[in-house]
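All of the numbers you see were taken from the coordinates with simple rules; none came from a lab. Nothing here was measured: the structure is a model prediction, and the numbers come from that model. So basically every Cβ, Gly included, is an ideal-geometry build from the backbone, and we count neighbours across all protein chains shown.
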Amino acid sequence: MDEGPGSPTTLVVSSPRRTLSLLRERRASDASSLSLNHEKRTSAAPLAGDHGPKPSEVYGFVGSITTVIATAIYLVWAYTPQPWLHSLGITYYPSKYWALAVPSFVTMSVFLMMVLYLGLNFLATPPSYSPNTIYDEYSREPTAFTLFEGMEKPIDPISDVGIDQINHLMFSDTNQ
């Protein structure tokens with residue numbers, strides 16, 4: 001009853017060397033069958049990865065389904081009259097006051113957070129007359145260098161353009 005190298009009965013041997021050689025043969029045959037299966041898969045329509053969908057895709061799908069179900073339950077609770085809910089046997093639910101209060105609170109909280117964020121940015125901004133609006137620790141003054149005869153003028157190093165130069169370029173009368 002001699003079977004091929006891929007069968008489980010061939011691994012029952014008395015020598016460790018024989019076991020290693022059979023394992024190597026088995027791995028080689030498995031690798032060749034995997035490459036054949038891979039060629040078949042790539043020639044057909046592309047399939048998803050071998051390990052299934054990514055966890056972020058699953059979480060996104062579950063989150064979207066949960067949101068739709070929660071919205072449907074909320075709308076049924078908010079718009080269904082109380083006698084209908086009682087006739088269905090649903091007697092334990094929050095007051096209808098919260099159907100309007102929670103969305104109002106959330107809307108106002110988001111609006112106030114935006115106003116607070118804007119206000120904090122105004123507080124962190126220096127006033128317009130402060131030199132910090134023009135110069136900071138990363139500002140670079142232009143450096144002067146002397147040219148000798150026969151030298152070409154190199155490209156100026158990176159520096160900030162002074163506010164006086166900007167004002168002269170933007171607001172000076174070009175006719176004079």
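Quick notes on this structure:
- Estimated dipole of the range 47-176 in Debye, rounded to 20 [Cβ of Lys and Arg +1, of Asp and Glu -1, Cα centre]: 1240
- Modelled FRET efficiency - R0 35 Å, LYS96 with VAL62, Cβ distances, 0.05 increments: 0.75
- The label point for PHE122 and the one for VAL110, both projected 7 Å from the Cα toward the Cβ, are 2.3 nm apart.
- A crude spin-label estimate for the pair HIS86 and ILE134, with each label 7 Å from Cα along the Cβ direction, gives 7.7 nm.
- Fully extending the segment from ASP173 to THR146, taken as 0.36 nm per residue of separation minus the present Cα-Cα distance, adds 6.6 nm.
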